[in-house]
Amino acid sequence: MTLLTVWAEDDPDTVLTRTENADEIADALKPFGVRFERWEPVRDLPAGATPEQVLDAYRDDVDRVIRQEGYVLVDVVHMTPSDDPGWADKAAQARQKFLSEHTHEDDEDRFFARGAGVFYLHVGAKVFAVLCEAGDLLSVPADTTHWFDMGTQPDFVAIRFFHDEDGWVGDFTGSRLSDDFADFDTLMATR
């Protein structure tokens, strides 16, 4: 299940809010312009599905989001463990990049078709950790300070939506705030 955990930005040891209720999650994020939706997960999607198969499996919802939000680029990102000897290093490097607090000039919309990841939103003197799983769409508005954790063993498939053909471009803040809060592995273990 999806999990929202909220802390004060200066007190990562005290949980202010913790809920798995989708309506409560959407309501808590809405004041910041963050959109949270649940889509029915496609259960028979093959583990090694191609990007085209993933997009086709969710075509109606993908097309609806494109129409509503005006996205011009949609792609699929796979982070799946591999026997490739370099996979662990590549996964660790990717994780480290996204753990750094950043913003974007574009919205960051992600739909999790498989697996999980945590978006941490730093807004209103609080940190909102949204642990997203298969069926979750999270839209982080442009210029919202955030970071993302995929865990030490990343394993997810996500559909990404962009207004800009350049795709993902992060503007890093240099803050190490993300070091102070529970990471993906910790949140998964405490559910």
(message) Quick check on Gly33: is it surrounded by 12 or more Cβ atoms within 10 Å (Cβ to Cβ), of a type outside the set (A, V, I, L, M) and on the phi > 0 side of the Ramachandran plot?
(response) yes
(request) Examine the stretch 58-72 for a residue that is surrounded by fewer than 17 Cβ atoms within 10 Å (Cβ to Cβ), over 30 Å from Val123 (Cα atoms) and over 18 Å from the mean Cα position of the chain (by Cα), and state whether such a residue exists. (result) yes
(message) Just checking, does the stretch 136-158 include any residue being within 20 Å of Ser100 (Cβ to Cβ), modelled with pLDDT of 90 or more and among the acidic types (Asp, Glu)?
(response) yes
(request) From Ala182, Ala158, grab the single residue that is out of contact with any helix residue (DSSP H, G or I) (no Cβ under 7 Å at 6 or more places or on another chain), of a type in the set (A, V, I, L, M) and over 23 Å from Asp44 (Cα atoms). (result) Ala182
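Let's see how each residue does on (1) under 20 Å from Phe181 (Cβ atoms); (2) more than 12 Å from the chain's Cα centre (by Cα); (3) buried (at least 18 other Cβ atoms within 10 Å of the Cβ):
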residue	(1), (2), (3)
Met79	no, yes, yes
Leu99	yes, no, yes
Val118	yes, no, yes
His122	yes, yes, yes
Thr152	yes, yes, no
(request) Under 7 Å between Cβ atoms, at least 6 apart or on separate chains: pull out the pairs that start in the stretch 47-59 with a residue that is under 15 Å from Gly135 (Cα atoms) and end on any residue that is modelled with pLDDT of 95 or more and in a helix (DSSP H, G or I). (result) Leu55/Val62
(message) Looking at (1) out of contact with any strand residue (DSSP E or B) (no Cβ under 6 Å at 6 or more places or on another chain); (2) of a type in the set (Asp, Glu); (3) touching a residue at least 60 places away in the same chain (Cβ under 8 Å), which one does Asp171 not meet, given that it meets all the others?
(response) (1)
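The values are calculated or read from the model by the stated rules, or taken from the named source; none is laboratory data. Here the structure is a predicted model, which is why all the values come from computation and not from measurement. Methodologically, a virtual Cβ is constructed for each residue, glycine included, from the backbone with ideal geometry; neighbour enumeration extends over all protein chains shown.
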